[in-house]
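Below is one structure, written out as structure tokens, with a few remarks after it.
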Amino acid sequence: MASSTRAPGRPRSGIDATVFAATLSTVHELGYTRATVDRIAATAGIAKTTVYRRWPTKGALITACLVDAFGPAPLTGTDRLDIIAAAIRWIAARIGEPGIGAAFAGVFTDAVNDPDLRQVLSTQLQDPYRLALQEVLDEPEHRVLFLIDVVVGTLLHRLGMTGKPMSAPDVDALVQMVLQTFR
């Protein structure tokens with residue numbers, strides 16, 4: 001009898017990628033609040049029960065979508081300052097992509113009053129990047145959390161106040177300001 005390497009259950013057949021693309025598209029077109037799971041499922045061409053089987057809440061779906069959209073951070077450079085600068089430019093570019101910044105800002109807003117969602121965001125989205133930065137920069141947790149707070153907070157604030165991602169010259173200025181703290 002031959003053994004199967006496939007996991008039990010139905011094959012995913014790209015459902016996650018389809019749902020994530022539909023999520024970002026719907027958030028980009030309608031805004032975070034109006035991007036309901038029903039609308040996302042309709043855009044993806046699947047039943048909302050398919051979405052809820054994978055992600056029990058809109059916040060969990062958005063978080064998984066962001067983790068997928070961001071992927072691994074490119075923590076490369078010739079020294080600590082190059083690594084920090086590259087990481088800042090990388091997150092600024094990601095937040096500027098259609099749907100991503102709005103999804104990020106929206107799920108953060110929801111997390112203010114939802115401790116379960118805060119936990120999901122912390123463990124699934126922030127912690128992997130925090131741990132990678134701590135290791136590569138050899139910095140303590142509180143300094144890396146400060147770096148994340150300043151950079152992500154500034155980028156999301158700009159997006160929220162202007163409706164546009166931060167311009168390249170302003171990202172360069174943000175990089176220079178942050179590097180002063182980590183010299």
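Here are the numbers for the structure shown:
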{"quantity": "Which listed residue is in the same structural domain as A86 (by TED's automatic domain parsing), more than 24 Å from A35 (Cα to Cα), out of contact with any Cys (no Cβ under 6 Å at 6 or more places or on another chain) and surrounded by 19 or more Cβ atoms within 10 Å (Cβ to Cβ), from V107, V171, V120, V136", "calculated": "V171"}
{"quantity": "Filtered residues of the stretch 159-176 (kept if more than 22 Å from P98 (Cα to Cα) and either in contact (Cβ under 8 Å) with a residue 24 or more places away in the chain or of a type in the set (G, A, S) (or both))", "calculated": "A173, V175"}
{"quantity": "Cβ pairs under 7 Å, 6+ apart, first in the stretch 82-97 and in the same structural domain as G163 (by TED's automatic domain parsing) and at pLDDT 95 or above, second in a helix (DSSP H, G or I) and among the aromatic types (F, W, Y)", "calculated": "R94/F70; I95/F104"}
{"quantity": "Residue satisfying all of: in the stretch 131-149; in a helix (DSSP H, G or I) and more than 18 Å from the chain's Cα centre (by Cα); farthest from T76 (Cα to Cα) among these", "calculated": "H142"}
{"quantity": "Filter result (of a type in the set (F, W, Y) and under 17 Å from L125 (Cα atoms)) within the stretch 51-98", "calculated": "W55, F70, W90"}
{"quantity": "Residue check for T43: part of a helix (DSSP H, G or I), of a type in the set (S, T, N, Q) and within 18 Å of the chain's Cα centre (by Cα)", "calculated": "no"}
{"quantity": "Residue pairs meeting the criteria (Cβ under 6 Å; at least 6 apart or on separate chains; first outside the structural domain of F104 (by TED's automatic domain parsing), in the stretch 1-29; second in a loop (DSSP other than H, G, I, E, B) and at pLDDT 50 or above)", "calculated": "L24/G99; T26/A35; V27/A35; V27/G99; H28/P98; H28/G99"}
{"quantity": "Verdict on G77 being modelled with pLDDT under 95, over 17 Å from T33 (Cα atoms) and out of contact with any helix residue (DSSP H, G or I) (no Cβ under 8 Å at 6 or more places or on another chain)", "calculated": "no"}
{"quantity": "Among (1) in contact with a helix residue (DSSP H, G or I) (Cβ under 7 Å, 6 or more places away or on another chain); (2) in a helix (DSSP H, G or I); (3) not aromatic (F, W, Y) - the single one M166 does not satisfy", "calculated": "(2)"}
{"quantity": "Given (1) under 30 Å from Q180 (Cβ atoms); (2) in contact with a helix residue (DSSP H, G or I) (Cβ under 7 Å, 6 or more places away or on another chain), index of the condition P72 fails", "calculated": "(2)"}
{"quantity": "Answer from A132, A111 - the residue that is touching a residue at least 40 places away in the same chain (Cβ under 8 Å) and within 17 Å of I62 (Cα to Cα)", "calculated": "A111"}
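Here's the yes/no breakdown for (1) at pLDDT 95 or above; (2) under 19 Å from T109 (Cα atoms):
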| position | (1), (2) |
| --- | --- |
| G14 | no, no |
| K48 | yes, no |
| Y52 | yes, no |
| P56 | yes, yes |
| I62 | yes, yes |
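The values are calculated or read from the model by the stated rules, or taken from the named source; none is laboratory data. Just so it is clear, the model here is predicted, and its values are computed rather than measured. Using ideal geometry, Cβ is built from the backbone for each residue, glycine included, and neighbour counts are taken over all protein chains shown.
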